[in-house]
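Everything below concerns the one structure shown next.
Read-outs throughout are calculated quantities, based only on the coordinates presented, and are distinct from any laboratory measurement. Note that the structure is predicted; figures quoted are calculated from it, not measured. All Cβ positions, glycine included, derive from the backbone under ideal geometry; neighbour counts span all protein chains shown.
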Amino acid sequence: MKSIIITGASSGIGRATAEVFLDAGWRVGLIARRAERLEALADKYDSAVALPADVTDAVAMADAFDAFGPLDVLFNNAGLFGPAATIDEVPLSEWTQVMQVNIGGMFIAAQLAFRRMRQQTPQGGRIINNGSLSAYVPRPNSVCYTTTKHAVTGLTKTLSLDGRPFGIACGQIDIGNAETELLEKLKKTQPGTETMHVRNAANSVLHMAQMPAEANVQFMTVMATTMPYIGRG
């Protein structure tokens, strides 16, 4: 049975992706802070493992990875949007929080997965980072989120390069306007936002994860067809 750890698995893209992988017969480690949500999902599937942890807590994350065991794939998904404001209106505390989760948490998860994949037998695995269209083209009033998503692309490229000698592939999925709790908050500030069902994003992650070891989806963009991406900005 193939195995995957998903961060941010209690809601949104993470939860939808967990359900798609569980339905496909994978063993799935569910990481998020809200233990009750993880346990409710795990109760529905024999192959789901609730691993409550804050992605910014390196000790708790290491314990979660150790409890899960051998790992084929990490979906590095947890993230925050942060305040919708121009830079002069962003409190430093909120900037710091978004940096800690979107970059720090992603680094911690990637480091743990990379180490396990390098040391396990057979060696190798796959890391899929959740980027965003904001890794290329920002939304207005998104300085925190956009900065972190540009950083995720740098992390993806570095992991791809450093993972080659160890059979570790890394790719990035850039998702545009999947219907989630996070997007609902955004729609309040940007009425008329075009969306797609979140399962489209989840199925795309499964496609990336199922690639043979000799192949890698380096970057994938999946988005609502009518959202303003091409030509925006």
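Once the Cα atoms are used to define both axes, helix 12-23 deviates from the longest principal axis of the chain by about 30 degrees. Three semi-axes describe the equivalent ellipsoid of the stretch 25-64; taken as square roots of 5 times the Cα gyration tensor eigenvalues and ordered largest first, they are 19, 11, 6 Å. In this label model, S47 and I230 are separated by 3.6 nm, measuring between points 7 Å along each Cα→Cβ vector.
Across the stretch 44-77, the residues whose backbone nitrogen lies under 19 Å from the label position 7 Å along the beta-carbon direction of T121 are 69-72. Spatial offset of the stretch 81-151 relative to the stretch 24-66 amounts to 19 Å, using the alpha carbon center of each. Against the chain, whose longest principal axis is taken from its Cα atoms, helix 106-119 shows a tilt of about 20°. Axis of helix 143-163 versus longest Cα principal axis of the chain: the two differ by about 30°, to the nearest ten degrees. Only Cα sites of the chain enter the Debye sum here, all with the same form factor; the resulting log10 I(q)/I(0) across q = 0.14, 0.17 1/Å is -0.85, -1.27, listed in q order. Given +1 at the Cβ of Lys and Arg, -1 at the Cβ of Asp and Glu and no other charges, the dipole of the chain around its Cα centre is 420 debye to the nearest 20. For the stretch 125-215, the set of GluC sites (Glu not before Pro) satisfying both a DSSP loop assignment and a count of at most 15 other C-beta atoms within 10 Å is given as E194, E214. Label-to-label distance for A62 and E181 is 3.0 nm, based on points extended 7 Å past Cα in the beta-carbon direction.
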